[in-house]
1. For segment 318-328, check the following and say yes or no: at least one residue is under 21 Å from residue 129 (Cα atoms) and not charged (D, E, K, R).
2. On the given criteria, is residue 294 at pLDDT 85 or above and closer than 16 Å to residue 211 by Cβ?
3. Among the candidates 286, 231, single out the residue that is farther than 30 Å from residue 22 by Cβ and more than 16 Å from the chain's Cα centre (by Cα).
4. Find the residue count for segment 272-304, including only residues that are closer than 21 Å to residue 222 by Cα and crowded, with 21+ Cβ neighbours inside 10 Å.
5. If you go through segment 130-137 one residue at a time, do you hit one that is modelled with pLDDT under 95, touching a Gly at 6+ places or on another chain (Cβ under 9 Å) and either under 22 Å from residue 51 (Cβ atoms) or of a type in the set (S, T, N, Q) (or both)?
6. Here is a list of conditions, (1) more than 29 Å from residue 261 (Cα to Cα); (2) among the acidic types (Asp, Glu); (3) free of Cβ contacts under 8 Å to residues at least 12 places away in the same chain, and residue 148 meets all of them except one; can you say which number that is?
7. Within segment 323-370, count every residue that is farther than 19 Å from residue 292 by Cβ, in a loop (DSSP other than H, G, I, E, B) and in contact (Cβ under 8 Å) with a residue 40 or more places away in the chain.
Amino acid sequence: MREEQGSGMASLVPANGGGALAWHRWVPYAAVAWSLGYAALGIYWIVGGRGFPYTAKTASDVMAPLLARFGPGVAWIVVIMAGIPAAGMGAAMLRGVRNRAFRPLFTSAGVLLAGVLLLLMTGLGLLVLVGYIPFAVLGRFPAGKAQEYLQGWTDWGTIHQLLCLLGGFIWLGATVCYGRLSAGACPYCGRRDGPEGWQSPNRAARWGRIAVYVSMVAPVLYAFTRYAWALGFPLGMTEEHWHSGQQKGLWISGLFLATFGLVGAAVTLGLVQRWGEVFPRWMIGLARRRVPIALAVVPASLVSVLVAVGGIVIWSSLPQMIARGRAAKDIDVVGAVVVGVGPTLLFPVWGVALAVATLAYYYRRRKPCSVCGRGASTEVGKPSSGYQKRQPDDKEQRPQPDAYVSQ
Ligand SMILES: [Zn+2]
């Protein structure tokens, strides 16, 4: 799927930028359209339509989006604000309303809306569904569970969360566009006159590397505990608890989740390594072609949000989990919190570090702008001294767009 995505995306993007991924052209309209669509959904719920996602039932669900825990009153306010008022603001942003009073107001409201959509209106359930993809693809679910898993994806609650995830990214993009335009920066690349500072490729390579290593801590710790369980060490739990877990097959599914996380951590390394820029030789057909920036940025952004949300939801459910553990007699509460839940409490760090690493990758690899011409004087995209031979400005060495299309 990744390869398809890669060639598909690359064929849309000429090597010198522009084209369909000139997202600054369509994203502000998409934000208005998204909010109008959400307003229609809100009106449907107001007149008694079914499927309002923040009911008393979801408030007690530990997997549900956090917004549900604030109660239906707050949820209604947020749902209504994300509709018509947000669409109106989006329209004003499109018209370029940018005087002193409106600029900070619109920018902060846009960031707030994107943050609420991404972090409070999506839940832990999405991360769990994504985490079990390899398990499902390899057919490891028993028949009944497989059905349940598929239903999880088609459940209205999940679809609504995906809608919010999409809206969050669209609103983030629209706010970035507005911020660029109103600050007099290039709408296409966001660069301004003067030195690039922390956004320069060399500086981004440095802080990006740190972010990548930080992002690997949580999945590695998580894998360590789950591997211990799968290997038969009842780390952080009583023997009986471990045996009952084994009968349910918990340690095998945990092993899958942990391995998926580890593979993800290994792939994250690509954000600072050469194979994250040029496909390695063994990838026949793609070998030595340039990795499209979006191929790394799109999945990494999605994962960083899902992981961060998962972690935040787990943090907020911690008191509930501890209380439940205390009530059940056969659970070693301290062990369960430290070993069982502990690594997942680092998920917000994982999410933030991955987002930072992704941003660094983008700054490091983006080319001189084809619209404003800025960025041409700085050295582009070289994270380390290890592979200085390929000069990014040397068009001869770059695969041309046609080469991608032919894939
Ligand atoms: Zn530019």
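1. yes
2. No.
3. Only one candidate passes the filter, namely 231.
4. 3
5. No - not one qualifying residue is present in segment 130-137.
6. The number of the failed condition is (1).
7. 4
Yes/no matrix, rows are residues, columns are (1) crowded, with 21+ Cβ neighbours inside 10 Å; (2) more than 16 Å from the ligand (Cβ to nearest atom); (3) not acidic (Asp, Glu):
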| position | (1), (2), (3) |
| --- | --- |
| 141 | no, yes, yes |
| 160 | no, yes, yes |
| 163 | no, yes, yes |
| 168 | yes, yes, yes |
| 194 | no, no, yes |
| 198 | no, yes, yes |
| 203 | no, yes, yes |
| 206 | no, yes, yes |
| 213 | no, yes, yes |
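The values are calculated or read from the model by the stated rules, or taken from the named source; none is laboratory data. This one's a predicted model, so the numbers in the text were calculated from it and none came from an experiment. Heads up, the Cβs are rebuilt from the backbone with ideal geometry, glycines too, and the neighbour counts pull from every protein chain shown.
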